[in-house]
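Values in this text are rule-based calculations from the coordinates and carry no lab data. Predicted model, so just to flag it, every value in this text is computed and none were measured. As a convention, Cβ positions derive from the backbone with ideal geometry for all residues, glycine included, and neighbour counts pool all protein chains shown.
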Ligand code: SF4
Ligand code: SF4
């Protein structure tokens, strides 16, 4: 079963996509980059990058493993949210660190919604 960890931009998560519902709705509907998953896939967590310039992403990924390993709930895929992929000036460095430390496949992208689709 796929266990999905989303990594997003700390600056954006609470102040732009309020509540991060766009990524979670996309996962629940299996839209955007989540189209590939079957019904049994689960959203394991939503992790912020730790703040600019992303230096703490490595210990944060290790913390995710430490919290989840005893539960038997380890991520099988990490998704890089569009707030990082499309807007972060440190994205290349952040994604490289995540690829090295996550221990699973890293997928670029999550939701593909634009505001008109959400609010109109
Ligand atoms: S793109 Fe996703 S992770 Fe990033 S702030 Fe928006 S909902 Fe949250
Ligand atoms: S490092 Fe990038 S993703 Fe993290 S808070 Fe700064 S701009 Fe956002």
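If the condition is being out of contact with any strand residue (DSSP E or B) (no Cβ under 9 Å at 6 or more places or on another chain) and crowded, with 20+ Cβ neighbours inside 10 Å, then the stretch 89-120 contributes only 111. Scanning the stretch 26-41 for residues that are surrounded by 14 or more Cβ atoms within 10 Å (Cβ to Cβ), part of a helix (DSSP H, G or I) and either more than 9 Å from ligand 1 (Cβ to nearest atom) or over 13 Å from the mean Cα position of the chain (by Cα) (or both) yields 27, 32, 33, 34.
When residue 60 is tested against (1) away from ligand 1 (no atom under 15 Å from the Cβ); (2) under 20 Å from residue 17 (Cβ atoms), exactly one condition is not met: (1). Of the residues making up the stretch 96-120, those that are assigned to a helix (DSSP H, G or I) and more than 14 Å from ligand 1 (Cβ to nearest atom) are 96, 97, 99, 100, 101, 116, 119.
The residue that is nearest to the chain's Cα centre (by Cα), counting only those in the stretch 76-95 that are in a loop (DSSP other than H, G, I, E, B) and away from ligand 1 (no atom under 15 Å from the Cβ), is 76. Within the option set 5, 44, 61, being more than 12 Å from residue 79 (Cα to Cα) and within 13 Å of the chain's Cα centre (by Cα) holds for one residue only, 61.
Residues of the stretch 44-59 that are farther than 10 Å from residue 10 by Cβ, more than 9 Å from ligand 2 (Cβ to nearest atom) and surrounded by 14 or more Cβ atoms within 10 Å (Cβ to Cβ): 44, 45, 46, 58.
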